[in-house]
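Reviewing the structure listed below.
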Amino acid sequence: MKAAAVTAFALALCLPMAAWSAPPETGGVRAEIRRDLDAARQEIRSDLAKARAELESENLDVGNSLQVHGNGNRKAKAEPKLPKAEITPQGDFLIEGETIAIDAAQRRQLLAYRGMVIEVARAGIDIGEVTALAAVDSVDRGVFSLMVGAMTGSLERRIERTVRSTVGPGVLLICDRMPALHDAQQQLASDLPAFRPYARLEARDADSCRNEVRREFAGR
């Protein structure tokens, strides 16, 4: 989102003053800005489509995922650095690249947990895509008044409103999924001892997540 806005501002500031006062035209610098914004949209969609595909095809790193460290009631604590642990698309559990012995039931649990985490990650990507595209659209709608918007801060306020209306509700929905992820982690930790050190979600993390989101957006 920031990159798209900065690019648009840079393009705007490179325009001669005559370009801003000239009547609309189908070619020239204005059309070039529109083409660049369209290219930005295409790049956003392409990059995030690739990220979604990688979620399905690559190993899931469980060592540092889904960890909540807000400024709420949870006390900051030093946690030991764990060996890298992954769940493969086939449901294997790897620690530092070594396959841990599992049975069929544990494989099903690992695949189910992997699917839950990927679903949360996809939701995060969706939020990022909506926000980035909305920011580009905000710039595009005001492209001919960018100079004024840059000086008055109106464009920045417009993008902030867009982010507040799209990101906050989406992240709260992700927070709502954390109790189920916590339960799945605890069940895996019980049934697969090798997974136990990686079950770091706490029951109160959903509330911490919600409080952090509300604090973040309260001041916007």
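The values are calculated or read from the model by the stated rules, or taken from the named source; none is laboratory data. Everything numeric in this text was worked out from a predicted model, so none of it was measured. With ideal geometry, Cβ positions are generated from the backbone for all residues, glycine too; neighbour counts draw on all protein chains shown.
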Q: Go through Ala150, Ala123, Ala132 for me and flag whichever is at pLDDT below 80 and more than 18 Å from Tyr198 (Cβ to Cβ).
A: Ala150
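Residues checked against (1) of a type in the set (S, T, N, Q); (2) part of a helix (DSSP H, G or I); (3) under 25 Å from Ile100 (Cα atoms):
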residue: His182; (1), (2), (3): no, yes, yes
residue: Gln187; (1), (2), (3): yes, yes, yes
residue: Phe195; (1), (2), (3): no, yes, yes
residue: Ala206; (1), (2), (3): no, yes, no
residue: Asn211; (1), (2), (3): yes, yes, no
Q | helices (runs of 4 or more DSSP H) fully within the stretch 1-107 counting 3 or more residues that are modelled with pLDDT of 90 or more and among the β-branched types (Val, Ile, Thr) | A | none
(Q) Can you list residue pairs whose Cβ atoms sit under 7 Å apart, with the first residue in the stretch 193-219 being within 18 Å of Leu94 (Cα to Cα) and the second being of a type in the set (Phe, Trp, Tyr)? Count only pairs 6 or more apart in sequence or on different chains. (A) Ala194/Phe93; Phe195/Phe93
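Can we say Ser145 is part of a helix (DSSP H, G or I), hydroxyl-bearing (Ser, Thr, Tyr) and modelled with pLDDT under 65? Outline the logic, then answer.
Details: part of a helix (DSSP H, G or I): yes; hydroxyl-bearing (Ser, Thr, Tyr): yes; modelled with pLDDT under 65: yes.
Yes, satisfied.
Filter the stretch 94-131 down to the residues that are among the polar types (S, T, N, Q), within 18 Å of Asn59 (Cβ to Cβ) and in contact (Cβ under 8 Å) with a residue 60 or more places away in the chain, then identify the one that is surrounded by the fewest Cβ atoms within 10 Å (Cβ to Cβ).
Residues of the stretch 94-131 among the polar types (S, T, N, Q): 99, 106, 109, 131.
Those still in the list that are within 18 Å of Asn59 (Cβ to Cβ) too: 99, 106, 109.
Those still in the list that are in contact (Cβ under 8 Å) with a residue 60 or more places away in the chain too: 106, 109.
Values: Gln106: 18, Gln109: 21.
Only one residue fits best here, namely Gln106.
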